[in-house]
Amino acid sequence: MRSKRPSKGGRDKDSRNEKGGSRRGESSRREPSAGSGSRRGEGRKGGKDRSAKGIVLEMFSNSPDTVFTQRQITRKLGIVDKKGRDELMVIINTLLRENKLLLIDGDKYQLNLRVNIITGRVDLANSKYAYIVSEETEDDVRVFREHLKYAMDGDLVKVKVLPTMQGGRSEGMVVEVLERSRTELVGLMELTKNFGFVVPDFKRLYFDVFVGERNLNGAQSGDKVLVKIIEWPKEPGKNPTGEVIRVFGPAGENEAEIHSIMAEFGLPFEFPETVEEEAEQISDKIPAGELAKRRDMRDVTTFTIDPADAKDFDDALSIQKLENGHWEIGVHIADVTHYVHPRSLLEKEAFHRATSVYLVDRTIPMLPERLSNNLCSLRPNEEKLTFSVVFEIDDNGKLYDTWYGRTIIFSDRRFSYEEAQERIETGEGDFVEEINTLNNIAKKLQAKRFKNGAISFETTEVKFKLDENGKPLSVYVKERKDAHKLIEEFMLLANKKVAEFVYGLGKGKKRPTMVYRTHGSPDPDKLSTFSIFAGKFGYKVDPDGDVSEELNNLTHEIEGKPEQSVLQNLAIRTMAKAKYSTEPEGHFGLAFDHYSHFTSPIRRYPDMMAHRLLQHYLDGGTSEDKEAFEERCRHSSEMEKRAADAERASIKYKQVEFMKDTIGNQYKGIVSGVTEWGIFVEIEENKCEGMVRLSSLNDDYYELDANNYRIIGRQSKRIISFGDEVLVEIVSANMAERTIDMELVETLKRH
């Protein structure tokens, strides 16, 4: 197992710092570059801040086979005084002790070439160094920015691993950038006379991009822009050169910020014209021959339950009483693959996007509107083609039979969650009997899941009420009621049964290829750390006990408490990340041995794959190419993560925008993190998070006690810990940095 980066003192701390406070403020602001009249301009960052040791080592690395005398080294480095020569010898002796240089003939020096060359991906920890993650070495290799050769996060690089002292951290130097993950960056344009620099939004990036006058394309100082890098420097200390390819508008404006988030995460702005044209050419008529191939369920009571503002309805429920007293409940899913054929442009685009993305004020759909909101949307009072899982089930949730196949339905009613909830709570309204029957069975299904070990944690979902210009008027936490859980239980059951059905079609290595949704068990080390966090709040979580039972007990204990959100989010981080895979590895969180995604093909490409595979096997087909589907699973998992990151960025931006109008207000909050720069506080009422800088605590000099998740006053010994309930005042909200600065008023409750 690969060892991880330090959770408190290294990468994690720095990435955590992005959630509040301004890394580019105070001492972290760019320092002026050396020299003048260069392409960098005045006060720009190009390669300064390099350590003296790094400069010496870089000189040797640029001529790895050359043997240098001390005089040659001083000449190459421009050292002309005795003090400089003395400092140089201190550095050379240090590099000799670290085994990075070799002593030749008693007075000459050469780079130690007895090093490993590995290939790996760049994981930028901060603006000073990165880790190279490689399958070729157990430990990740740290590379300081002066040795990165302008490699960025996600780039594939070849790295020379330098010799280290025994027990020391592996360090290296990028030899070659093999593959760039991206060449376009989002940032803020800063103009100087007839040229400019783009300061990237990505806070860990260690260089700005120079843009000449001819490549500004109308960008003004203070605009958010998308810049394409067209030339990489051939020597250290310069800036990459770029051209502005899209101007989003003044920083801080809603459209500019949301569009910059889309570009930052590589999200598309529109569909290609050819894809839109192909979608428009699809007929909305259902051929008579198609009806003969399908189970006709148009006469069965059917309805949809979705958010009030939803435009695409990809699932519907049907219900009817059988003569034996059981219920026939159908889960009907939009038959997207009937319209999207494997070799079509629509298919290619759907695979490329892999998922719809839900930003605060807009949806970036996987499929064009012609399909997502029209042909495939299960709108009321329209005949629709569906792919269905139909259950025979009793009032206690006992399953007797399951049928899979393509159908045609007619939705009688479109319910919002609020309307369905009203029928559950009041017992009145149309379809009240059907909805309450489904709700009662759903509760039985849920109880069985939890009894079997499913985790009952629910993530806190922050929602916004926006005006016509996208400005947030209020922030609130979405409440999940029975109507939401009703739909969820039947979707879970359908996904589970589809996976089980395909898994059961073969044995051992002959099992047919399927796209599963998998979720591994929690990492024992992370679970142990979480138990310590929970203990800070007075809750006991035994990391050696039944994990599901321990976490579910905690869920019950913290419900409605101020610390509920913080602890639930931390608990979720202990879990393995859910992913798509052709391996039937099971789903820990749901306590299912086999699970797939089948119920949302309008917005998820893996569901389209599951539809095609299921129909192929229903038709008697043999197993499909596993490796081809595994590659699609990897892509889908990556795009899902990118979508989630973009969604979080848009939420953070809107939270900062909302808090901008609350400066001077005081709020109760929970200390949700501690770093050497400050403490993070999550406001109880709206879940917005900001930073109280240690430099703003004037009563003492505070130091981080990382092992105990707290800061301690040097003189007073005052302690502020993770989990403390505090009163804070909003000091500033930086929309460009997406950060909120707070001032600590008082500690209300210690944990």
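The values are calculated or read from the model by the stated rules, or taken from the named source; none is laboratory data. Since we're looking at a predicted model, the values are computed, not measured. No Cβ is skipped: glycine too gets one built from the backbone with ideal geometry, and neighbour counts run over all protein chains shown. Surface areas here come from the heavy atoms of the whole protein model, side chains and all, with no ligands, DNA or RNA. Shrake-Rupley method; radii C 1.70, N 1.55, O 1.52, S 1.80 Å.
Look at the stretch 201-221 and say how many of its residues are surrounded by 15 or more Cβ atoms within 10 Å (Cβ to Cβ) and either on the phi > 0 side of the Ramachandran plot or not in a loop (DSSP other than H, G, I, E, B) (or both). Qualifying residue count, the stretch 201-221: 4. Reported count of residues in the stretch 432-446, each being hydrophobic (A, V, I, L, M, F, W, C) and under 23 Å from residue 522 (Cβ atoms), is 0. In summary, residue 358 fulfils each of the numbered conditions (1) more than 20 Å from residue 303 (Cβ to Cβ); (2) part of a strand (DSSP E or B); (3) touching a Ser or Thr at 6+ places or on another chain (Cβ under 8 Å) with the single exception of condition (3).
Looking across the stretch 667-716, not a single residue is touching a helix residue (DSSP H, G or I) at 6+ places or on another chain (Cβ under 6 Å) and surrounded by fewer than 18 Cβ atoms within 10 Å (Cβ to Cβ).
Note on the stretch 614-716: enclosed strands (runs of 3 or more DSSP E) holding 1 or more residues that are free of Cβ contacts under 8 Å to residues at least 24 places away in the same chain are 702-705, 710-713.
Selection within the stretch 503-528: residues that are in contact with a strand residue (DSSP E or B) (Cβ under 9 Å, 6 or more places away or on another chain) and farther than 24 Å from residue 574 by Cβ. The member of this set that is least open to solvent (accessible area, probe 1.4 Å) is 515. In the stretch 237-272, the residue that is farthest from residue 176 (Cα to Cα) out of those that are among the small types (Gly, Ala, Ser), touching a residue at least 40 places away in the same chain (Cβ under 8 Å) and outside any strand (DSSP E or B) is 252.
The condition of being open to solvent by less than 20 Å² (accessible area, probe 1.4 Å) and among the small types (Gly, Ala, Ser) holds for only one of 649, 591, that being 649. Sub-7 Å Cβ pairs linking a first residue in the stretch 364-383 that is within 16 Å of residue 278 (Cβ to Cβ) to a second residue that is among the polar types (S, T, N, Q) and assigned to a loop (DSSP other than H, G, I, E, B), at least 6 apart or interchain, are 365/356; 366/356, ordered by first then second residue.
Of the residues that make up the stretch 503-518, is at least one within 20 Å of residue 610 (Cβ to Cβ), of a type in the set (D, E, K, R) and part of a strand (DSSP E or B)? Yes; the residues of the stretch 503-518 include at least one that is within 20 Å of residue 610 (Cβ to Cβ), of a type in the set (D, E, K, R) and part of a strand (DSSP E or B).
Scanning the stretch 102-126 for residues that are part of a strand (DSSP E or B) and more than 41 Å from the chain's Cα centre (by Cα) gives 102, 103, 104, 108, 109, 110. Would you be able to say whether some residue in the stretch 142-151 is open to solvent by 70 Å² or more (accessible area, probe 1.4 Å), in contact (Cβ under 8 Å) with a residue 12 or more places away in the chain and among the hydrophobic types (A, V, I, L, M, F, W, C)? The answer is no, given that none of the residues of the stretch 142-151 is open to solvent by 70 Å² or more (accessible area, probe 1.4 Å), in contact (Cβ under 8 Å) with a residue 12 or more places away in the chain and among the hydrophobic types (A, V, I, L, M, F, W, C).
As a summary of the residue check, residue 610 satisfies the conditions (1) open to solvent by less than 10 Å² (accessible area, probe 1.4 Å); (2) over 16 Å from residue 505 (Cβ atoms) except for the one numbered (2).
Summed over the stretch 360-370, the residues that are more than 10 Å from residue 604 (Cα to Cα) and at pLDDT 95 or above give a count of 4. Out of the residues in the stretch 95-127 that are closer than 29 Å to residue 70 by Cβ and in contact (Cβ under 8 Å) with a residue 60 or more places away in the chain, state the one that is surrounded by the fewest Cβ atoms within 10 Å (Cβ to Cβ). By that ranking, first place goes to 97.
Picking from residues in the stretch 529-560 that are within 14 Å of residue 458 (Cα to Cα) and in a loop (DSSP other than H, G, I, E, B), the one that is most open to solvent (accessible area, probe 1.4 Å) is 559. Take the conditions (1) assigned to a loop (DSSP other than H, G, I, E, B); (2) in contact with an Asp or Glu (Cβ under 9 Å, 6 or more places away or on another chain); (3) open to solvent by 70 Å² or more (accessible area, probe 1.4 Å); residue 234 misses just one of them, which is (2). Looking only at residues of the stretch 62-90 that are in a helix (DSSP H, G or I), open to solvent by 30 Å² or more (accessible area, probe 1.4 Å) and in contact (Cβ under 8 Å) with a residue 24 or more places away in the chain, we find that the one that is farthest from residue 51 (Cα to Cα) is 70. Number of residues in the stretch 717-751 that are in a strand (DSSP E or B), within 17 Å of residue 534 (Cα to Cα) and modelled with pLDDT under 90: the value is 2. When residue 159 is tested against the conditions (1) open to solvent by 40 Å² or more (accessible area, probe 1.4 Å); (2) closer than 27 Å to residue 98 by Cβ; (3) of a type outside the set (Phe, Trp, Tyr), the lone failure is (1). If I go through the stretch 588-611 residue by residue, how many of them are part of a helix (DSSP H, G or I) and in contact with a helix residue (DSSP H, G or I) (Cβ under 6 Å, 6 or more places away or on another chain)? Residues in the stretch 588-611 being part of a helix (DSSP H, G or I) and in contact with a helix residue (DSSP H, G or I) (Cβ under 6 Å, 6 or more places away or on another chain): 4 in total.
Given the condition within 28 Å of residue 461 (Cα to Cα) and in contact with a Leu (Cβ under 7 Å, 6 or more places away or on another chain), answer yes or no: does some residue in the stretch 339-348 qualify? No: the stretch 339-348 contains no residue that is within 28 Å of residue 461 (Cα to Cα) and in contact with a Leu (Cβ under 7 Å, 6 or more places away or on another chain).
Checked against the criteria, residue 585 does not count as modelled with pLDDT under 95, part of a helix (DSSP H, G or I), of a type in the set (Asp, Glu) and open to solvent by 50 Å² or more (accessible area, probe 1.4 Å).
When you look at residue 637, is it small (Gly, Ala, Ser), surrounded by fewer than 24 Cβ atoms within 10 Å (Cβ to Cβ) and either over 24 Å from the mean Cα position of the chain (by Cα) or under 18 Å from residue 729 (Cβ atoms) (or both), yes or no? When the stated conditions are applied, residue 637 does not pass them.
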